[in-house]
1. Taking the beta-carbon count within 10 Å as an exposure proxy, list E72, E20 from fewest neighbours to most.
2. Counting other C-beta atoms within 10 Å, which of V91, V47 has the fewest, and how do the rest follow?
3. Mean residue ellipticity at 222 nm from the helices of the chain, using -39,500 (n - 2.57) per DSSP H segment of n ≥ 4 over the full residue count, to the nearest 500 deg cm²/dmol?
4. Got a sec? How would H21, H81 order by Cβ neighbour count within 10 Å, fewest to most?
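None of the figures in this text is laboratory data; all of them are computed from the coordinates on show. Just so it is clear, the structure is predicted and the values come from calculations on it, not from any experiment. Glycine also receives a Cβ, built like all others from the backbone with ideal geometry; neighbour counts cover every protein chain displayed.
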Amino acid sequence: MENAKRFNTFAEFYPYYLGEHSNSTCRRLHFIGTSLVILIFVMALVVGSGWLWLALPVAGYGFAWVGHFFFEKNRPATFQHPFYSLLGDFVMYRDMLLGKVAF
């Protein structure tokens, strides 16, 4: 098992996070998963179904982990940095929408 890198701030973590997402297919799968998470979250608020709340991590992590294990060929940052990784997903999503990170 590799040693966990330590980060004091999200600003220190984010460049590392982007480096762990250098494969375009992995980034696209993250984008699909995060889009589904946003859609399911809104639907869960409107409909109030408990099943939709359970679908959130499946949608988000399912697509992301396929991207990491099969395309990026690395371990998701979630395993070592769960909070920063979750935040990184949404920041990368925003940056992809703004054209700062390539699809």
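1. On the way: E72 21, E20 17.
The most exposed by this proxy come first: E20, E72.
2. Numbers: V91 18, V47 10.
Lowest count first: V47, V91.
3. Working: 4 runs with 67 residues, N = 103.
Per the formula, -22000 deg cm²/dmol.
4. Numbers: H21 23, H81 20.
Least to most surrounded, the residues fall as H81, H21.
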